[in-house]
Amino acid sequence: MPAEELESQLPLERTRSIAFTNRGKGAVEGALIGFIPGFIAGLLMGTASQGINCSSCDGNPCPPSAGCDSSAGPLMLGLSVGAFSALIGAGIGAIIGHRTTFTF
């Protein structure tokens, strides 16, 4: 929009602030905000359910070959849930956007 049109629509002496919305930055912020609690929740769920599938050993400790001794399970679940919640957060963040306001 040319400056002449802008001045005819809004007198500059009455302008107190200018606001911009950046959807890309909002998506990044939303992804970070979504990933962190999703990762923690997945890590906790994976840790809590780590021994559940080992009931086939009649109450005795299962051998590693039974597939129950997976220390990477909680980490992988945390990363998976975190990635899923990061995608949701990125979508919401892109819709809302990051708002920057300059006040003078």
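Can you list residue pairs whose Cβ atoms sit under 6 Å apart, with the first residue in segment 67-90 being under 21 Å from GLN50 (Cα atoms) and the second being modelled with pLDDT of 95 or more and of a type in the set (Asp, Glu)? Count only pairs 6 or more apart in sequence or on different chains.
So the pair list comes out empty.
List the pairs whose first member sits in segment 14-30 and is of a type in the set (Lys, Arg), whose second member is in a strand (DSSP E or B) and surrounded by 11 or more Cβ atoms within 10 Å (Cβ to Cβ), and whose Cβ atoms are under 9 Å apart, counting only residues at least 6 apart or on separate chains?
So the pair list comes out as ARG23/HIS98; LYS25/HIS98; LYS25/THR100.
Within segment 83-103, count every residue that is touching a strand residue (DSSP E or B) at 6+ places or on another chain (Cβ under 8 Å) and either more than 21 Å from ILE18 (Cα to Cα) or exposed (fewer than 11 other Cβ atoms within 10 Å of the Cβ) (or both).
Count: 3.
If a residue must be out of contact with any Gly (no Cβ under 6 Å at 6 or more places or on another chain) and charged (D, E, K, R), how many such residues does segment 25-51 contain?
Of the residues in segment 25-51, 1 are out of contact with any Gly (no Cβ under 6 Å at 6 or more places or on another chain) and charged (D, E, K, R).
Taking into account only those residues within segment 8-35 that are part of a helix (DSSP H, G or I) and among the hydrophobic types (A, V, I, L, M, F, W, C), which is farthest from the chain's Cα centre (by Cα)?
The qualifying residue farthest from the chain's Cα centre (by Cα) is LEU12.
Tell me, please, whether a residue that is at pLDDT 90 or above, among the β-branched types (Val, Ile, Thr) and surrounded by 15 or more Cβ atoms within 10 Å (Cβ to Cβ) can be found in segment 21-28.
The answer is yes; a qualifying residue exists.
Within segment 36-50, track down each residue that is surrounded by fewer than 22 Cβ atoms within 10 Å (Cβ to Cβ) and assigned to a helix (DSSP H, G or I).
ILE36, PRO37, PHE39, ILE40, ALA41, LEU43, LEU44, MET45, GLY46, THR47, ALA48
The values are calculated or read from the model by the stated rules, or taken from the named source; none is laboratory data. Nothing here was measured: the structure is a model prediction, and the numbers come from that model. All Cβ positions, even for glycine, are placed from backbone atoms using ideal geometry, and neighbour counts span all protein chains on display.
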